[in-house]
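Peer 1: One structure, pasted below without further comment.
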Amino acid sequence: MSQYQNDIQSINSLKQQQGQGWDAINPESAARMRAQNRFQTGLDIARYTAGIMRRDMANYDADPSKYTQSLGCWHGFIGQQKMISIKKHFNSTDRRYLYLSGWMIAALRSEFGPLPDQSMHEKTAVASLIRELYTFLRQADARELGGLFRQLDAAEGPARAAIQDKIDNFVTHVVPIIADIDAGFGNAEATYLMAKQMIEAGACCIQIENQVSDEKQCGHQDGKVTVPHEDFLAKIRAVRYAFLELGVDDGLIVARTDSLGAGLTKQIAYTREPGDLGDQYNSFLDADEIGLDAMANGDVVIKRDGKLLRPKRLPSNLFQFREGTGEARCVLDCITSLQNGADLLWIETEKPHIAQIGGMVKEIRKVIPNAKLVYNNSPSFNWTLNFRQQVFDSMQAGGADMSAYERSQLMSAEYDDTELARDADERIRTFQADAAREAGIFHHLITLPTYHTAALSTDNLAKEYFGEQGMLGYVAGVQRKEIRQGIACVKHQNMSGSDLGDDHKEYFSGEAALKASGQHNTMNQF
């Protein structure tokens, strides 16, 4: 017997116990409402989705073709529509998640207005968006089930059994969210408090980076400053304690390293003995060997391997690392994070290049054989130019005649129909599968997709609507496409919950219910 049928029976038994006062209560209506509200709290969601991610990680370990994907969200409606679309096209939400981007919160959700990705937005905005996303996903469940219940009431014979089967085996829109906590918004205690808010809102997976919190920069901009490992590990532990306190024992932590593009540190690491973690961090510093007599006023000097070294200190009071040490620092960051409680890695790179990522993963896996990455398929990369240049270099290395191409101009539309461009596009198409197989990438995400799609679609609509096309600009460019493509949102009253409200009115008031979905509702035109 399905959970739905069990609920009808249990509520009916409860009704009998309560006597005459519950005569107007319909057990099936109550069971429907219960089915439409499967997840009672954010912690219910966090525990459920953590289990999904753990199973997906195990499946990926057995078969790297089973990688996972997500798209970034900045509003609950955007996340809801993504999952509705995924269910419509693939009949499943398997291995499809949502990503919550700190960049988009800063740019689109801060009360200060648009901000750069520098952790200047309100700390509470992250948990607020998680709650909003899951509110919209739960509403998507309620809306779809409500439609199935109405079909069930109208069906007869064998058709009724088929609809009941869809209800009994309903696939929820609620999926894991990988949530960006930036660099923790302060010290380890601040990280712990913020992580608790995020987990209580429903987050099963929190991503944290090794930058200095009050110097934080977007991973694809300059000026990044990292912290010594012990500082970062304290924040990883803070997130783990938050998961354990709230009973989300399977909660996941993504440890992100920005060391590849970060040439600066704010601190010289504390070290107890040669070769310890602090000593390894300091070994990457750009430093000059000096004698005691060469020390100047205000110099900071460290002793290493019996020598006195003066790290290069900038007017900003920051210390710089040696050129060319980024990959080695990334590898050390990743190994250390996995050895101290992180579950997944994120290596922020300056370009999407499988050989570069794979080379670092190979070194990490010498120590941690099942190391897995979350990777940012970032819109900050010029994917077309990067991959055309990669193909150009490959063709040139193979001895091909490249006289028809100018490497610095490969973004030009004049190359769009060339063999080089077609090869580049194919590499882009297969990038995720190739990187999952060859570079240990378990999860592929795009941080800011809907930031760009919103701008692009709005530009197209504005150009047509305010131009010569007038109303046809909307009808042909939006509404007609919604109808042809079966976009559920074309019935925007239904999407906003109007039919759900009508169901409830009927449950509560019976024949006296004043419903919105009568014959004069213009949504009937669709």
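The values are calculated or read from the model by the stated rules, or taken from the named source; none is laboratory data. A quick note: this is a predicted structure, and the numbers were derived from the prediction, not measured. Heads up, the Cβs are rebuilt from the backbone with ideal geometry, glycines too, and the neighbour counts pull from every protein chain shown.
Peer 1: Among Glu230, Glu289, Glu273, which is the only one that is without any contact (Cβ under 8 Å) to a residue 12 or more places away in the chain, charged (D, E, K, R) and surrounded by fewer than 22 Cβ atoms within 10 Å (Cβ to Cβ)?
Peer 2: Numbers: Glu230 fails: without any contact (Cβ under 8 Å) to a residue 12 or more places away in the chain; Glu289 fails: without any contact (Cβ under 8 Å) to a residue 12 or more places away in the chain.
On inspection, the qualifying residue turns out to be Glu273.
Peer 1: Then there's this: Regarding Leu309, is this residue surrounded by 15 or more Cβ atoms within 10 Å (Cβ to Cβ), within 30 Å of Ala355 (Cβ to Cβ) and either at pLDDT 90 or above or not acidic (Asp, Glu) (or both)?
Peer 2: Working: surrounded by 15 or more Cβ atoms within 10 Å (Cβ to Cβ): yes; within 30 Å of Ala355 (Cβ to Cβ): no; either at pLDDT 90 or above or not acidic (Asp, Glu) (or both): yes.
No; evaluated as a whole, the condition is false for this residue.
Peer 1: Now, a different point. From (1) farther than 21 Å from Ile86 by Cβ; (2) β-branched (Val, Ile, Thr); (3) surrounded by 12 or more Cβ atoms within 10 Å (Cβ to Cβ), pick out the condition that doesn't hold for Ile487.
Peer 2: Condition not satisfied by Ile487: (1).
Peer 1: Just for helices (runs of 4 or more DSSP H) wholly inside the range 36-111: which have at least 3 residues that are surrounded by fewer than 21 Cβ atoms within 10 Å (Cβ to Cβ) and without any contact (Cβ under 8 Å) to a residue 40 or more places away in the chain?
Peer 2: Working: elements: 42-62, 76-90, 102-108.
Here the list reads 42-62, 76-90.
Peer 1: Next question. Could you say whether any residue in the range 332-349 is surrounded by fewer than 21 Cβ atoms within 10 Å (Cβ to Cβ) and in contact with an Asp or Glu (Cβ under 6 Å, 6 or more places away or on another chain)?
Peer 2: No - not one qualifying residue is present in the range 332-349.
Peer 1: Any residue in the range 450-460 that is exposed (fewer than 15 other Cβ atoms within 10 Å of the Cβ) and touching a residue at least 40 places away in the same chain (Cβ under 8 Å)?
Peer 2: Looking through the range 450-460, at least one residue is exposed (fewer than 15 other Cβ atoms within 10 Å of the Cβ) and touching a residue at least 40 places away in the same chain (Cβ under 8 Å).
Peer 1: Checking Gln118 against (1) assigned to a helix (DSSP H, G or I); (2) at pLDDT below 95, only one condition comes out false. Which one?
Peer 2: Unmet condition: (1).
Peer 1: For the range 204-226, enumerate the residues that are modelled with pLDDT of 95 or more and under 12 Å from Gln267 (Cβ atoms).
Peer 2: Just the residues of the range 204-226 that are modelled with pLDDT of 95 or more, to begin with: 204-209.
Hits for the range 204-226: nothing passes.
Peer 1: Here is a follow-up. So which of Gly470, Gly518, Gly510 ends up being more than 29 Å from Leu100 (Cα to Cα), modelled with pLDDT of 95 or more and not assigned by TED's automatic domain parsing to the domain that holds Asn377?
Peer 2: On the way: Gly518 fails: modelled with pLDDT of 95 or more; Gly510 fails: modelled with pLDDT of 95 or more.
From the options Gly470, Gly518, Gly510, the qualifying one is Gly470.
Peer 1: Ok, one more. Does Trp22 qualify as being touching a residue at least 24 places away in the same chain (Cβ under 8 Å) and not basic (Lys, Arg)? Full working, then the answer.
Peer 2: Details: touching a residue at least 24 places away in the same chain (Cβ under 8 Å): no; not basic (Lys, Arg): yes.
For Trp22, the condition - touching a residue at least 24 places away in the same chain (Cβ under 8 Å) and not basic (Lys, Arg) - is not met.
Peer 1: Right, next: Does Gln469 meet the test of being over 18 Å from Glu144 (Cα atoms) and either surrounded by 10 or more Cβ atoms within 10 Å (Cβ to Cβ) or touching a strand residue (DSSP E or B) at 6+ places or on another chain (Cβ under 7 Å) (or both)? Walk me through it before giving the result.
Peer 2: Numbers: over 18 Å from Glu144 (Cα atoms): yes; either surrounded by 10 or more Cβ atoms within 10 Å (Cβ to Cβ) or touching a strand residue (DSSP E or B) at 6+ places or on another chain (Cβ under 7 Å) (or both): yes.
Yes, satisfied.
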